[in-house]
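To start, the structure under review is shown below, and the notes come after it.
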Amino acid sequence: MIPQNFEYATPNSLAEAFKLLGESNAKALAGGMSLIPLMKLRLAAPDKLIDLRNVPGLNSIREEGGMLRIGALVTHYELESSPLVRSRCPLLAEAASQIGDIQVRNMGTIGGSVAHADPAADYPASLHALEAQVKLAKAGGERTLAIGSFLQDTFTTALDAGELVVEISVPVEAAGTGVSYQKCVQPASGFAIVGVAARIRKSGGRIALARVGVTGLSGKPFRAANVERLLEGAAGSAGDISKAAAVVADGVDANNDLHASADYRKHLARVYTARALAAAARKAG
Amino acid sequence: MNITVTINGTRHTHQVEPRLLLIHYLREVLGLTGPHIGCETSLCGACTVAVDGKAVKSCTMFAVQCDGREVLTIEGLASNGNLDPIQLAFWEEHGLQCGFCTPGMIMTTKQLLERNPSPSETEIRHGLDGNLCRCTGYQHIVNAVKAAAAKMGA
Ligand SMILES: Cc1cc2nc3c(=O)[nH]c(=O)nc-3n(C[C@H](O)[C@H](O)[C@H](O)COP(=O)(O)OP(=O)(O)OC[C@H]3O[C@@H](n4cnc5c(N)ncnc54)[C@H](O)[C@@H]3O)c2cc1C
Ligand code: FES
Ligand code: FES
């Protein structure tokens, strides 16, 4: 369990980080909760590790223009415990609190999690339901992508070589929105066999907004627009919810592994979607 | 690479390879064998120590990441020969059998109680999710955490 040797650097600015990351086979290090296990197994063997911990400006959580702007280095524990996140975007706090364990949440970061793009990671369900934006930066400039364009496939993102995730933005939740993240835990790792995030807003006794994000089911987390369409305009009765949840896995190429067969995963997705929707609808009042 | 780390209150400077894991630095360079290596794969929590007050799995961190920081291991808990209240509670409530998981359990419990001084049983079990015990069946560990919370609140 000894990784290949590497050079280690702690740049003090983004500009310096970009310069170091431009060198061949350099890799960014955030919390290390995905990268270090891979290095120990020698599945990753970077020549240079660029630890971002001293780069300023990447670890703040700000509310600005109706959005919460979350720095890439904000840890899972900070998201779970931040009064601002708990009141303005409770879905993300709820998802963060269910990741791994205390030790992992103390170190692991939201930027590292989305950059790693594990298909069973927890955040993507919520980030899809929130229609989150991911801000990327490299030496040449910045760009912002919707979460659905950023996460491309299993362990694959839109990041270019030398590019970093710098910020993730989610909308401040409007009053009267109910949210819930429901996860079927793979007990050995803590990851989601299936995880479903739901947001529901009601108006005049009808569902005005429904958003559903799913992780763990397939190679790529996704937003379940078909479920949302069945709910918007409906009263949100138990019948409406089970009818909508029933279609969540339609047409999805489900993962199949020793923890859950494809059929069982699809079943879990329907059950956890119904649970997340019911809990969100209850909180929406 | 040269690193300076404050460990259990004492500053140490060493020349280390960047790939040296914190657990190996503590055990092999400093002779602090309290933090244990259980799984070496980030799952068991036996290697848990606090870095700048945050519980971490020291098998999943490089020693160089601790440059300029403070590390607290199980060896740093007792003061003047008096056990810390959490250590005492594990002893009194039989929160251990073989003791292999205990240093990690205690370091994680310390973090849990700092953040939530009177946790419910569910919160204790959720809080110790990252620490495995092969002996006790956990019930006495949960009792020990409750007893520690009571001692510290008193
Ligand atoms: C025991 C254990 C249990 C876990 N359980 C769960 C779980 O239940 N749910 C879950 O979702 N996750 C879980 N994880 C993974 C955890 O959430 C990781 O923290 C996360 O996936 C990676 O974040 P990090 O900050 O540790 O990134 P690192 O490990 O430092 O980096 C991961 C990858 O992202 C790159 N990277 C890091 N930061 C950036 C950036 N800002 N811009 C561009 N690239 C970057 C790195 O180069 C590397 O390739 C678990 C991990 C462990 C060890
Ligand atoms: S030895 Fe570190 S978690 Fe098991
Ligand atoms: S007491 Fe033996 S592993 Fe916990």
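General observations
- Diagonalising the gyration tensor over the Cα atoms of the range A:49-94 and scaling each eigenvalue by 5 before taking the square root yields semi-axes of 21, 13, 7 Å, largest first.
- With a 10 Å cut-off around each Cβ of B:122-130, the average count of Cβ atoms from other chains is 3.
- MRE, 222 nm, helices only [DSSP H, n ≥ 4, -39500 (n - 2.57), over chain A, to nearest 500]: -9000 deg cm²/dmol
- Close amide H contacts of B:Gly38 (hydrogens built in the peptide plane, cut-off under 5 Å, sequence separation of 5 or more or a different chain): B:Ala46, B:Cys47.
- Across the range B:2-76, the volume of the C-alpha convex hull divided among the residues equals 73 Å³ per residue.
- Per the Cα gyration tensor, the range B:1-153 maps to an equivalent ellipsoid with semi-axes of 27, 16, 13 Å, ordered largest to smallest.
- For B:Leu43, nonlocal amide neighbours, meaning residues 5 or more places apart or on other chains whose placed amide H falls under 5 Å from its own, do not occur.
- Inverse mean reciprocal Cα-Cα distance (Kirkwood Rh) of the range B:85-153, Å: 11.4
- Note on surface exposure: A:Met107, B:Met61 rank A:Met107, B:Met61 by accessible area, highest first, 1.4 Å probe.
- In chain B, helical runs assigned H by DSSP with n ≥ 4 each contribute -39500 (n - 2.57); averaged across all residues and rounded to the nearest 500, the mean residue ellipticity at 222 nm is -8500 deg cm²/dmol.
- Neighbouring Cβ atoms from other chains, within 10 Å of the Cβ of residues in B:53-60, number 6 on average.
- Carbon/sulfur fraction of accessible area - the range A:152-278, other protein chains in place, 1.4 Å, %: 51
- On Cα atoms only, tilt of B:102-115 relative to the major axis of chain B in degrees: 80
- Converting phi to 3J(HN,Hα) with the Karplus coefficients 6.51, -1.76 and 1.60 and the offset θ = phi - 60°, the range B:116-121 yields 8, x, 9, x, 6, 4 Hz in sequence order, with x at every glycine or proline.
- For chain A, a Gaussian network of Cα nodes joined below 10 Å ranks A:Gly239, A:Gly112, A:Gly140 by mean-square fluctuation, and the top entry is A:Gly140.
- Partners for A:Lys48 among lysines (Cα-Cα distance below 20 Å; same-chain residues under 8 apart left out): A:Lys19, A:Lys27, A:Lys40, A:Lys138
- Candidate lysines - alpha carbon under 18 Å from A:Lys220, same-chain residues fewer than 8 apart omitted: A:Lys183, A:Lys266
- Largest GNM mean-square fluctuation across A:Glu78, A:Glu16, A:Glu228, computed for chain A with C-alpha springs under 10 Å, falls on A:Glu16.
- Directionally averaged projected area (the range A:177-283, Cα convex hull): 6.1 nm².
- Put the Cα centre of the range A:143-189 next to the Cα centre of the range B:13-73 and the gap is 30 Å.
- Counting only other chain Cβ atoms within 10 Å of each residue's Cβ, the peptide A:107-118 averages 1.
- Distance from the C-alpha centroid of the range A:241-285 to that of the range B:87-128: 35 Å, rounded to the whole angstrom.
- Amide H contacts for A:Ser261 (H built 1.01 Å from N in the peptide plane; partners 5 or more residues away or on another chain; cut-off under 5 Å): none found.
- For chain A, averaging the sequence separation of C-alpha pairs within contact (under 8 Å, six or more residues apart) and dividing by the residue count gives a relative contact order of 15 percent.
- Across the range A:1-144, counting alpha-carbon atoms alone, Rg and Dmax equal 15.5, 47 Å.
- The P(r) of the protein assembly as shown has a tail past 33 Å containing 38 percent of all C-alpha pairs.
- Computed over chain B: relative contact order in percent, which uses C-alpha pairs under 8 Å that are six or more apart: 24
- Straight-line reach from A:Lys202: taking Cα to Cα under 18 Å and skipping same-chain neighbours fewer than 8 places apart, the aspartates and glutamates in range are A:Glu173, A:Glu228, A:Glu232, A:Asp240.
- At R0 = 41 Å, FRET efficiency that the Cβ-Cβ distance of B:Glu114 and A:Gln186 yields, to 0.05: 0.90
- Here the label points at A:Ala158 and A:Glu63, each 7 Å from Cα along the C-beta direction, are separated by 2.8 nm in the simple model.
- Calculated Rg and Dmax of the range A:61-171 using C-alpha coordinates, Å: 13.0, 37
The values are calculated or read from the model by the stated rules, or taken from the named source; none is laboratory data. Nothing here was measured: the structure is a model prediction, and the numbers come from that model. We place every Cβ from the backbone using ideal geometry, glycine too, and count neighbours over all the protein chains shown. Note: accessible area is taken over every heavy atom of the protein model, side chains too, but ligands, DNA and RNA are not part of it. Shrake-Rupley method; radii C 1.70, N 1.55, O 1.52, S 1.80 Å.
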